[in-house]
Amino acid sequence: MPNSKLEKNIYILYLFFLPFERFIDFDMPMVFQEYLFPKFSSFLFVLGILLVLNKRQYISYNPILKKWKRLYVFQTLYTLSLATILYFPLGPLYGEDTFRATIGGVIFWFVVIVNIYYNYYALTKLVTIDQVFKIIIASSFVLLFVGYLQYAVINIGGSFSLAYAVLAHYIDLLP
């Protein structure tokens, strides 16, 4: 399969960048930056799931995934039914109604279900647990480096402050 190496590399990058914030600012509306792509790993997640769906290779039957799917359907129906019940006595409040207030939760839980599906697919077909541990260790070293650099900036200053400023200028990762 020609895409499996690309899928694997995207998943490895996705795992590596999970603890990082959005350090590359794409010029997008704030709604996308806040809700759809709050972290850089979100871009990789969307790209990876699109590749998986493009292959039309679905995961074989798994009772755990089936339970998550049922839970999502139940939760969505429950939320929408309560929004309907509460709409009549509450109506619109401050420009918001019960349906608009619930849409964010429904979308959020859909993304969670898709994320579970993607991670299950990748962990069973693309990478091994040993590779996952190596990625987590590498990501941890980068985070430790940034943390120690921040510590040196606070306690020592000088050249550490300059190095931190240069790093922060080129990578929007640092606070």
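The values are calculated or read from the model by the stated rules, or taken from the named source; none is laboratory data. Only a predicted model underlies this, so the values are computations on that prediction, with no experimental measurement involved. Neighbour counts are summed over all protein chains in view; Cβ atoms, including those assigned to glycine, are modelled from backbone coordinates with ideal geometry. Please note that ligands, DNA and RNA were not included when accessible areas were found on the heavy atoms of the full protein model with its side chains. Shrake-Rupley method; radii C 1.70, N 1.55, O 1.52, S 1.80 Å.
Below are the figures for this structure:
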quantity: Unique residue being exposed (fewer than 10 other Cβ atoms within 10 Å of the Cβ) and part of a helix (DSSP H, G or I) when the list is Phe74, Phe108, Phe99, Phe88; calculated: Phe88
quantity: In segment 147-175, the residues that are over 14 Å from Glu21 (Cβ atoms), at pLDDT below 85 and open to solvent by 70 Å² or more (accessible area, probe 1.4 Å); calculated: Val166, His169, Tyr170
quantity: Test: residue in segment 39-46 that is touching an Asp or Glu at 6+ places or on another chain (Cβ under 8 Å), modelled with pLDDT of 70 or more, surrounded by fewer than 17 Cβ atoms within 10 Å (Cβ to Cβ) and not small (Gly, Ala, Ser); calculated: yes
quantity: Number of the exception - Phe141 against (1) more than 16 Å from Phe17 (Cα to Cα); (2) part of a helix (DSSP H, G or I); calculated: (1)
quantity: Qualifying residue in segment 118-137 (condition: over 24 Å from Lys66 (Cβ atoms), among the charged types (D, E, K, R) and either over 23 Å from the mean Cα position of the chain (by Cα) or assigned to a strand (DSSP E or B) (or both)); calculated: no
quantity: Residue match in segment 118-139 (condition: touching a Pro at 6+ places or on another chain (Cβ under 9 Å) and either open to solvent by less than 80 Å² (accessible area, probe 1.4 Å) or without any contact (Cβ under 8 Å) to a residue 40 or more places away in the chain (or both)); calculated: yes
quantity: Checklist (1) modelled with pLDDT under 90; (2) out of contact with any helix residue (DSSP H, G or I) (no Cβ under 9 Å at 6 or more places or on another chain) applied to Ser81, failing item; calculated: (1)
quantity: Residue tally, condition assigned to a loop (DSSP other than H, G, I, E, B), over 15 Å from Asn119 (Cβ atoms) and either open to solvent by less than 70 Å² (accessible area, probe 1.4 Å) or modelled with pLDDT of 90 or more (or both), over segment 8-30; calculated: 6
quantity: Hey, Ile113 free of Cβ contacts under 8 Å to residues at least 12 places away in the same chain, among the β-branched types (Val, Ile, Thr) and in a helix (DSSP H, G or I) or not; calculated: no
